[in-house]
Protein chains: 2
Amino acid sequence: MELWYTEEHSPYVRFSIKVDRHLYAKQSKYQRIDVMNSYEFGTFLTLDGCMMLTEKDEFIYHDMIVHVPMATNPKIKKVLVIGGGDGGTVRELIRYEGIKHIDLVEIDEMVVEACRLHLMQTACGLDDPRVHIFYEDGLRYIRHIEGEYDLIIVDSTDPFGPGEGLFTKEFYGNCYKALKEDGILVNQHESPYYQMHANSLRKAHEKIVSFFPITKLYSAHIPTYPSGHWLFGFASKKYDPIKDLDAQAWNELGIETQYYNTEVHRGSFAMPNYVKKLLK
Amino acid sequence: MELWYTEEHSPYVRFSIKVDRHLYAKQSKYQRIDVMNSYEFGTFLTLDGCMMLTEKDEFIYHDMIVHVPMATNPKIKKVLVIGGGDGGTVRELIRYEGIKHIDLVEIDEMVVEACRLHLMQTACGLDDPRVHIFYEDGLRYIRHIEGEYDLIIVDSTDPFGPGEGLFTKEFYGNCYKALKEDGILVNQHESPYYQMHANSLRKAHEKIVSFFPITKLYSAHIPTYPSGHWLFGFASKKYDPIKDLDAQAWNELGIETQYYNTEVHRGSFAMPNYVKKLLK
């Protein structure tokens with residue numbers, strides 16, 4: 001049987017994965033949600049036909065979105081995750097004993113439902129007692145919060161559809177306000193390669209720079225995302241992700257990871273010239 | 001008109017590029033050679049149906065295969081390139097005034113012919129007076145050479161078909177012998193992600209380690225290669241690519257690059273844990 005999932009990485013580039021079974025297909029109030037099982041990547045989740053995560057390579061994304069800020073400031077206690085209904089980010093966060101409270105604000109309850117049914121590899125951490133789930137629009141949730149969080153992770157979809165509001169100036173300004181005075185904001189920041197993603201990246205970066213004194217980008221190699229070259233944004237009121245990295249302290253925590261290590265941490269902030277030029 | 005080039009990155013993963021025209025299709029003594037023009041990546045070259053390079057992203061591969069060894073030892077004078085009939089590696093090498101002599105050993109004259117016809121962006125440097133082209137098997141060429149080169153770059157195809165001999169123990173041993181006592185060997189080293197590539201990578205690395213005192217791997221983000229995560233091998237008799245990098249000296253040369261810079265140089269040697277584990 002030949003069943004192929006295909007995603008357009010640009011109007012002229014297609015990435016296709018051979019599927020064994022289509023496990024879940026629902027239209028929520030916000031988006032189309034699909035879960036499929038594949039030969040190469042195990043079970044995977046798509047939202048509006050865009051790849052969100054696969055069982056086989058999600059470790060790269062979740063390692064990099066969580067351990068980079070945590071190794072920069074291992075004293076982080078209270079975290080807000082916006083998006084991230086699959087639970088992968090929360091799964092990595094709860095590995096830190098020092099984290100006492102995690103708020104997860106996911107707009108779409110059906111994403112969590114789909115992952116609890118078919119992707120327990122990521123959803124497994126959602127029942128930890130430190131985790132509080134709110135099914136709300138992240139943009140609206142954050143408006144009335146001041147000085148509460150040590151870390152905000154924006155684990156969003158792309159900047160169109162339900163995730164659009166999470167790439168606006170209003171949102172980044174409210175994140176700044178919601179953070180404590182040594183707070184860190186990390187967000188998934190699209191790819192620098194294909195034109196459409198590169199444009200979103202440039203616009204988002206400009207907006208974040210206008211609020212935070214320290215703003216840097218870092219990369220990871222994610223095989224199932226367009227171009228495989230994915231960026232994350234690191235914005236902070238106080239901590240520099242290179243100068244303040246305490247590699248020894250993080251390594252002493254003994255957290256085993258498949259992608260992240262403190263050398264990768266440092267190396268991931270080196271941007272190729274064409275990306276630097278894009279951000280100028 | 002819908003015309004799509006498709007490459008299998010694994011038996012279950014396909015990468016497809018929309019093609020405008022098929023410009024060149026010949027069967028040489030060694031392989032099938034195709035050049036196509038695409039909407040997203042400009043003109044591109046495939047050998048036996050595998051992507052070799054595209055006009056739009058070849059700068060990443062050629063920057064990383066050339067400038068990493070050159071910035072480690074900017075005194076390099078005599079270089080051997082094995083494979084690389086497209087000319088991209090030579091084009092980057094001739095930008096160094098210090099390089100006095102380049103031997104290019106390409107097994108297949110028709111690759112050079114195809115690139116001279118349709119890919120002058122890379123083939124443009126092949127007529128430089130310092131460049132000497134030999135249409136020979138690299139494995140055979142190198143057997144009788146001793147202590148001649150400062151740098152050998154193995155710019156080969158994958159380890160099956162005509163490139164197979166360039167991944168053998170005999171070949172790496174002969175490279176060691178052909179290098180001067182402070183010589184450097186750099187080779188394209190496949191991807192760590194998909195099983196088939198990861199196996200080749202592991203085997204090649206083991207063989208190189210058995211000859212050279214210093215052996216490291218470094219990565220680049222190459223959108224049109226399987227997984228987008230591509231590795232290069234750095235093996236050396238004397239120079240360490242991190243400790244001996246003289247960033248100031250390289251930057252003073254004023255060579256403009258689109259991908260490489262000396263921060264990317266350092267960062268590219270940080271390997272994710274799953275890659276380290278693979279190499280153990």
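The values are calculated or read from the model by the stated rules, or taken from the named source; none is laboratory data. Because the structure is predicted, anything quoted here is derived from the model rather than measured. All Cβ positions, even for glycine, are placed from backbone atoms using ideal geometry, and neighbour counts span all protein chains on display. Surface areas here come from the heavy atoms of the whole protein model, side chains and all, with no ligands, DNA or RNA. Shrake-Rupley method; radii C 1.70, N 1.55, O 1.52, S 1.80 Å.
Tabulated results
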| item | result |
| --- | --- |
| Förster-model FRET efficiency, 60 Å R0, A:Tyr135 and B:His22, C-beta, rounded to 0.05 | 0.70 |
| Per residue value of the accessible surface for the stretch B:1-79 (all protein chains in place, 1.4 Å probe), Å² | 38 Å² |
| The stretch B:4-54 - Kirkwood radius from inverse mean 1/r over Cα pairs (Å) | 11.2 Å |
| Antiparallel content of DSSP bridges confined to the stretch B:58-279, in %, to 5 | 40 percent |
| Heavy-atom accessible surface of the protein assembly as shown: percent carbon and sulfur, 1.4 Å | 49 percent |
| Å² per residue, accessible surface of the stretch B:98-207 at 1.4 Å | 40 Å² |
| Peptide-level mean, for A:217-230, of C-beta atoms on other protein chains within 10 Å | 5 |
| 7 Å along Cα→Cβ, label-point gaps from A:Lys280 to other copies, nm, shortest first | 4.4 |
| Exam field: A:Tyr39 pseudo-label spacings to other copies (7 Å along Cα-Cβ), nanometres | 2.9 |
| Accessible surface buried once B binds A (1.4 Å probe; total of both sides; Å²) | 3400 Å² |
| Extension reserve of the A:Arg32-A:Asp244 stretch, reckoned as 0.36 nm per residue once the Cα distance is removed | 72.2 nm |
| For the B-to-A rotation axis, chain B residue with nearest beta carbon and its distance in angstrom | B:Gly228, 1 |
| Axial C-alpha extent at least 20 Å, average Kyte-Doolittle at least -1.0 - helices from chain A (DSSP) | A:58-72, A:195-209 |
| Euclidean distance between Cα centres, the stretch B:145-199 to the stretch A:145-206, Å | 43 Å |
| Part-to-part distance (alpha-carbon centres) for the stretch B:230-266 and the stretch B:26-60, which is given in Å | 27 Å |
| Sites B:Arg143 and B:Glu113 - FRET efficiency at Förster radius 22 Å, r taken between beta-carbons, to 0.05 | 0.25 |
| Estimated D of the protein assembly as shown in µm² per second, where Rh is the Kirkwood radius over Cα pairs and Stokes-Einstein applies at 20 °C, 1.002 mPa s | 87 µm²/s |
| Mean separation of Cα contacts under 8 Å (6+ apart) over length of chain A, as relative contact order % | 17 percent |
| Set of aspartates and glutamates near B:Lys276 by C-alpha distance (under 17 Å), chain-local residues within fewer than 8 positions excluded | A:Asp57, A:Asp63, A:Glu256, A:Glu263, B:Glu190, B:Glu206 |
| Test item: A:270-280 mean partner chain Cβ contacts at 10 Å | 5 |
| Contact order normalised by residue count of the stretch B:4-54, Cα under 8 Å, 6+ apart, percent | 25 percent |
| Estimated D of chain B in µm² per second, where Rh is the Kirkwood radius over Cα pairs and Stokes-Einstein applies at 37 °C, 0.692 mPa s | 174 µm²/s |
| Prolate/oblate/rounded label for the stretch A:1-150 (Cα gyration tensor, a/c 1.5) | prolate |
| Label-zone membership for the stretch B:30-66, site B:Ile255, 7 angstrom Cα→C-beta point, backbone N under 17 Å | B:58-66 |
